Each structure stands twice: as C-alpha cells, then as structure tokens.
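> First the structure, which I've put down as structure tokens, then a few questions once you've had a look.
Quick note: the coordinates plus some simple rules give every number you see, no bench work behind them. From a predicted model like this one, the values you see are computed outputs, not experimental measurements. We place every Cβ from the backbone using ideal geometry, glycine too, and count neighbours over all the protein chains shown.
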Amino acid sequence: MNKRLLMAAGAVCAFCALSVPAQNKQYKGAEMFSYEQVKYGKFEVRMRTAYGSGTLSTFFTYFNDSWKGSPEPWREIDLEVLGKDKNHFQSNIITGNASNRSTSEAHHQFNFNLCDDYHTYCVEWTPDYVAWFLDGKEVRKTSSGQQINDLRDKPQSFRFNLWIANDKNWVGDFNAGILPVYQYLNWFRYYEYTPGSGPGGSNFTLKFQDDFNKFDANRWGKGDYTFAENLTDFSTSNIVVKEGYLILCLTNSSSLGHSGSVPKDAAIGTIQQGVSNSISESKFTWKNPYLSFTNSKSQKVKLQFFTLQGKEAGMIDFGERSEGTHSLDISSIVNNSAHSMLIVKAPGAEGIKPHLLNLR
C-alpha cells in the first residue's frame, strides 16, 4: 500500500495519505510498484513525462510499512515531475514517521522541456549519500545529515505513478480538458550497491533491465487504490505495455487505457537500436579503462561512442585486428566524458553488436 506526502512550494503540508480501496472517482491514474524491496542501489529510467497542470509523473522509493506510524519509520526518496511546468522536477527525501515527517524537497530547473521528449532519470542511494541525475548529469547530492543516517535502516520498494493532486499551491489547477495524458517508460534498470566491485571498480552492478516488451507480473504490481489527496483512483487498466514501452495512463473513468500511437524515443532510437547489456550478445566486456571485444574474424575495428541522447562522444580507430579477443584502452574517451553511460558501436565490424557502458 502506497502513501504519499504533499509538499507545497517551500513548505510542508502535513497530510497523512493513507491508501484505501478505489472509490469510484471521476478520474483514473496509475501506479506500478516493485514486489522486491532493496536497501541501496542505482535506479535509472528512460522516461517521457505527462504535461498538464495538477498532474504528477513520478519515480520514488518507499518503505512499504511507512504508513503504519510509530514504531515503523517513514522512508522515501522522490523524483517528481510536476506537469504544470515543462522544465523542472522536484527531488525529496522523507524520513521521520507518519505523524512527524521530515522532508528536504528541492526544485531543479532546466533550459529545455522535460515533457516533450524522453530523458534518463537516475537516483543513486548508498549508505553515505543520495544523488539525483538527469541525462547523466548530477543535479543534487545529499551526503550528510540525519536523513542520510535514517535511510540506512529499512529496505524500500521502487515505484512509478501518474496522478492528480488536490493541492493547487503545489501542482497548479487541474483542467480535465487535457485528458488523456500519459507517462511513457522506455526502459528501467536497477543496479545493486556493490562498493568497489562493480564494472571498472564502480560501486554499482547491474542486476536487471526491463525493456518493457511485456509486463513482468513477477517483478511488478499494479495499484488499485487511492488516497485522500489524490483526485484519481489508481486503475490496473491504466498500466499498458505497447510497442516496447510501458505506459502509465491518466484518464477519465469512462476511457481507460492508452489510445493513439506511442511517441518513440527518437533521440536515441537509431543509436540504441540493437544495444545489448549481454556480454555474450555484444562481444564486449568492460573493465575501466579497458574495453575488450571478441573478433569473429580478422577485420578493421573502429569504435564510436555516443551519449544516450544520440550525440557522438568520440571515436577511436584501432585498425586491423585479428580473430580473437582484444583489450583496448579507451581512457581518452572515459576521462573526457561528463556522462555516466555511453553506447559503444563498431560500425562495419561483423558480429559485434552495440553495447551500453556504465562508466561509474
């Protein structure tokens, strides 16, 4: 059961959002939650959020018993895109307990529209910090204080939802004429916290990636509840998998689900086509700063590197390489990249598929 806390700009609104069964409300939203609860990790999602005053498109982690109150603590990490503004999102940590919560919300402004395209949102949670990223660039890091200490005690599920809040000061006035609107997920990745033993000595190791070619009912659940500050019921019919995307829908009660075409992730569509995280499929392995690949035959190898947005990040021509495995130093690319992830391709090289490199 999910609980939410509403925050007005610059102040805390002390609402106790207890989930209850759906109540036949006029509008229907969606919430998807993981069955697994984890302590620490890196959470990445490629997402296009909904636009419209009064709406929220969110990703958050949540200790499932927070709502019970003392002695159970409240534990939550939020990333919330407010639909009233196209160019910012809100980050927040919520601790304390149900009757006395502590928050640390912050707003992050950008010079482009979040709702008009897909972007890569990321949250890193370790025993020592919580950090938020957009398209590989850090926008906030909290690395000290009572809230970071508090987050060490409980595992949390990870969730997405799309809904309408009743706090106009926070989210703006809702206009039903905008419906339906949608939150699109291209992919989601969860990395376990493995300090120092991840790829290249990093602190995170990929545990799974969901490309949403189908709905994985063993991993995800669909919400069918609501709460007082929510103008929608969460409907299981408003979570749809279509054309390789998972869609959270915000609709009238009479028009559930998704209609129309799915906007494709055009900025990375051609670059990410065929990208694999599987070593056996891509023929690449990675241990910073060495990238190894397996040649099925003697051939020229030229590696090209791209950001997740499709912008070229560099190229190295290694010339003719014989059949077999080769280990190549790509520190010139890694050291000059401000991004946490890059796509590597070997154009023209037979049998070597594009691969996603986690540089952290």
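> What relative contact order, as a whole-number percentage, does the chain give when Cα pairs under 8 Å and 6 or more residues apart are counted? It would help to have the intermediate numbers written out before the result.
On the way: 943 pairs, mean separation 68.5, N = 360.
Normalised by residue count, the contact order of the chain is 19 percent.
> Another question, then. Would you mind checking Lys42/Lys154; Lys25/Lys68; Lys137/Lys207 for any pair whose Cα atoms are more than 18 angstrom apart? Write down the numbers at each step before the final one.
Working: Lys42/Lys154 16 Å; Lys25/Lys68 25 Å; Lys137/Lys207 22 Å.
In this structure, Lys25/Lys68; Lys137/Lys207 exceed 18 Å between Cα atoms.
> Still on this model: Among Val262, Gly52, Thr103, flag the residue with its Cα farthest along the positive direction of the charge dipole of the chain, charges on Cβ as +1 for Lys/Arg and -1 for Asp/Glu.
Val262
> How much mean residue ellipticity at 222 nm does the chain get from its helices, if each DSSP H run of length 4 or more adds -39500 (n - 2.57) and you divide by all residues, to the nearest 500 deg cm²/dmol? Mind dumping the intermediate values first?
Numbers: 5 runs with 24 residues, N = 360.
Estimated from H runs of four or more residues: -1000 deg cm²/dmol.
> Using the 10 angstrom Cβ neighbour count as an exposure proxy, how do Val130, Val262 rank, fewest first? Present the calculation step by step, with values, prior to reporting the outcome.
Values: Val130 22, Val262 16.
The order, fewest Cβ neighbours first, is Val262, Val130.
> What's the exposure ranking of Asp317, Asp233, Asp224, going from fewest to most Cβ atoms within 10 Å? Don't jump to the answer; show the numbers that get you there.
Working: Asp317 9, Asp233 24, Asp224 14.
The most exposed by this proxy come first: Asp317, Asp224, Asp233.
> Rounding to the nearest 20 debye, state how big the charge dipole of the range 18-264 is about its Cα centre with +1 on each Lys and Arg Cβ and -1 on each Asp and Glu Cβ.
Numbers: 25 positive and 28 negative charges, 48 e Å.
Here the size comes out at about 240 debye.
> Then there's this: Tell me the GluC sites (Glu not before Pro) within the range 289-360 that lie in a loop according to DSSP and have at most 14 other beta-carbon atoms within 10 Å.
On the way: sites: Glu312, Glu320, Glu323, Glu350; in loops: Glu323, Glu350.
Those satisfying the criteria are Glu323, Glu350.
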